[in-house]
Amino acid sequence: MPSDHLTERPGHALVGVVRMPVTGVSPIRSIVRRVVGALVVLAAVVLIVYVDRDDYTDANGDGLSLLDCVYYATVSLSTTGYGDITPVSDTARLVNVLIITPLRVLFLIVLVGTTLEVLTERSRQSLKIQRWRRKVRDHVVVIGFGTKGRSAVSALLGDGVDPASIVVVDTDQRMLDVASSLGLVTVSGSGTRNDVLRVAGVPLARSVVVATNRDDTAVLVTLTARQLAPKAQIVAAVREQENVHLLRQSGADSVVISSETAGRLLGMATSTPSVVEIFEDLLTPDTGLAIAERDVEPSEVGGSPRHLSEIVLGVVRGGRLHRVDAPEVDAVEVGDRLLYVRKVTPAEERAGTENT
């Protein structure tokens, strides 16, 4: 990747760095669309020539018929031109129109179709990138699309987040291809680079997920992201407990210790496997039970969070999470948010499956 600043490049120069999600079209449909477009153009030329046929003449000098106009349009659009051998009978011209010209068009499709498609797709990507850079804000940037990054994206999609509002940053093109197939915007580059994060829209992002494979990389990415987005919610994953304070000092709002969390679940599974199943259920938002957050309703103000119809786990007040049995939140107040266990209905399960 060139060393110049990506943020200074125009939209067309970011094609290959930024990739917008593309709706797949089958080769047959693509060819049919091209043929239909060619027929529309051909019909328009025939109409123009036929309306103005008195200004045309042919080798026979007897004026142009409708068949002559069609013949003239076909040889003109196919860039065949006029040679020393030209069909003069109606039968020969009909054969030229019905058989030779379609074969010629098919040849042109096969010969230049791929090149035209690449050029067209590149122009389409350029326009999409320009529009996206003007409008992108309040989105989620996922840095690293390995196992942790993919799981984070699955959870976001399961919660109903629009795929178009998720941006994935990675250096592995295979991972970016997988993300693009899910309808996500992708940026090719290292999350440690300031200009790469700017292209991904980190300064305007709502949340940043740091899911790199190395703790030292996670620290550098978090520090860079926090400098670009002072108000964004930054969550990061680390392997070792001893590196948590480094992530906190770098600006992470939440830190998940992947190795210790997995180790605890493994230990619990040896004696209480059903507890692990419940944890997995709670962490999967599109099936069974799910942990969710909502605003306190007016009818609930003043009541105890432990006496609500839902299972409340905690209360978020002033940006701080309190356990449900904490004396500070014995009565819920206006502006509080409840962290509770939600039952996912079958309809929501189907919607979550379609989103993922």
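Being over 24 Å from V161 (Cβ atoms), surrounded by fewer than 16 Cβ atoms within 10 Å (Cβ to Cβ) and at pLDDT 85 or above is a property that holds for P298. Filtering region 135-157 to residues that are buried (at least 17 other Cβ atoms within 10 Å of the Cβ), small (G, A, S) and in a loop (DSSP other than H, G, I, E, B) leaves only G144.
Tell me whether region 158-165 contains one or more residues that are within 9 Å of the chain's Cα centre (by Cα) and either surrounded by 16 or more Cβ atoms within 10 Å (Cβ to Cβ) or in a strand (DSSP E or B) (or both). There is at least one residue in region 158-165 that is within 9 Å of the chain's Cα centre (by Cα) and either surrounded by 16 or more Cβ atoms within 10 Å (Cβ to Cβ) or in a strand (DSSP E or B) (or both).
The number of residues in region 220-254 being touching a Ser or Thr at 6+ places or on another chain (Cβ under 9 Å) and part of a strand (DSSP E or B) comes to 6.
Are any residues in region 253-266 in contact with a Lys or Arg (Cβ under 8 Å, 6 or more places away or on another chain) and modelled with pLDDT of 70 or more, and if so, which ones?
If the condition is that a residue be in contact with a Lys or Arg (Cβ under 8 Å, 6 or more places away or on another chain) and modelled with pLDDT of 70 or more, then V255, I257, S258 are the ones that fit.
Contact annotation: residue pairs with Cβ atoms under 8 Å, 6 or more positions apart or on different chains, pairing a residue in region 296-309 that is closer than 12 Å to L338 by Cα with a partner that is of a type in the set (D, E), are V296/E333; V296/D336; V301/E333; S304/D330; R306/D325; L308/E300.
The values are calculated or read from the model by the stated rules, or taken from the named source; none is laboratory data. Keep in mind the model is a prediction, meaning the values are calculated, not measured. Using ideal geometry, Cβ is built from the backbone for each residue, glycine included, and neighbour counts are taken over all protein chains shown.
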